[in-house]
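Heads up: the structure comes next, in C-alpha cells.
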C-alpha cells in the first residue's frame, strides 16, 4: 500500500484537478492505515529507519519578496543571511544594497538594506518561521515590546508574493518606508514585473562578500553552482519569470 501511495504522489499532475484527485486517493489509502490527521496538501512521504512519516506541508508557486536590513555588523550579517536564503531557495534575485539612516533606533550605526525575491517549495507560514528562527540566532527578539527602538543585527520581513504568471504589482503593495521602497521597486524592475510607481535611480550599491562572491553593487541573480556548491552570479535579467 505504501508503494501505491508513493506512485500516486509522484505521478506528474498538470492541473489542479489532477492534484486534488491524487490527494483524495492518497488520503483514502492513508485512512486505510489508520492515519487520519494528515493536514493540508500536498502529501510528502519520507522514511526513517523505524517508520514511514506523512505530512502535508503548504506549497508556494510564486516568488516571495523579502526585505533585509541590519545595523549591527551589517555587511557580515546580511552576507550570512543571503547564504542562508540561498540554501533554502537555490536561486535569489537581489536588488542593490543601500545605506539608510537609522531613525528611531537608540543604538547602532546606519543600516544596510536590500530586497530579495525567491521561490521555495513551501508556503508563507513556514517561510516566516524560518526567517524568525534565523533572526533569533543573531539575537533578535521579536517578542520584545521595545524591539523597534533597538538596533537590528538582522531584520527579515516577507513583504508579498508574486504569483506565477503575475506580471504586475499594485502600488498599494509597495512598502512606503524609505529603507524598503527604493530597493523593492528596483527589484521589481529587474524581474520585469510592472508597477505604477517608477523605479528610482540609485547610486552604486554597497558590496557584500557572499562566500567569496561580491554582490550588492547592482541588481543580480545568485544561484548555487551544482558542481562546487558555491554561489555564482549573473547580471542577466530574469525576464519576468517567477520560476
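Test residue 139 against the criterion of being free of Cβ contacts under 8 Å to residues at least 40 places away in the same chain, loosely packed, with under 11 Cβ neighbours inside 10 Å, in the same structural domain as residue 81 (by TED's automatic domain parsing) and out of contact with any helix residue (DSSP H, G or I) (no Cβ under 9 Å at 6 or more places or on another chain), and give yes or no.
In short, no.
So which strands (runs of 3 or more DSSP E) stay within region 144-243 end to end and still have 1 or more residues that are modelled with pLDDT of 95 or more and in contact with a strand residue (DSSP E or B) (Cβ under 9 Å, 6 or more places away or on another chain)?
Passing ranges, in order: 155-162, 208-210, 213-215, 220-224.
The values are calculated or read from the model by the stated rules, or taken from the named source; none is laboratory data. Note that the coordinates shown come from a computational prediction; the quantities given were computed from them, not determined experimentally. When we count neighbours, we look across all protein chains shown, and the Cβ atoms used for this are built from the backbone with ideal geometry, even at glycine.
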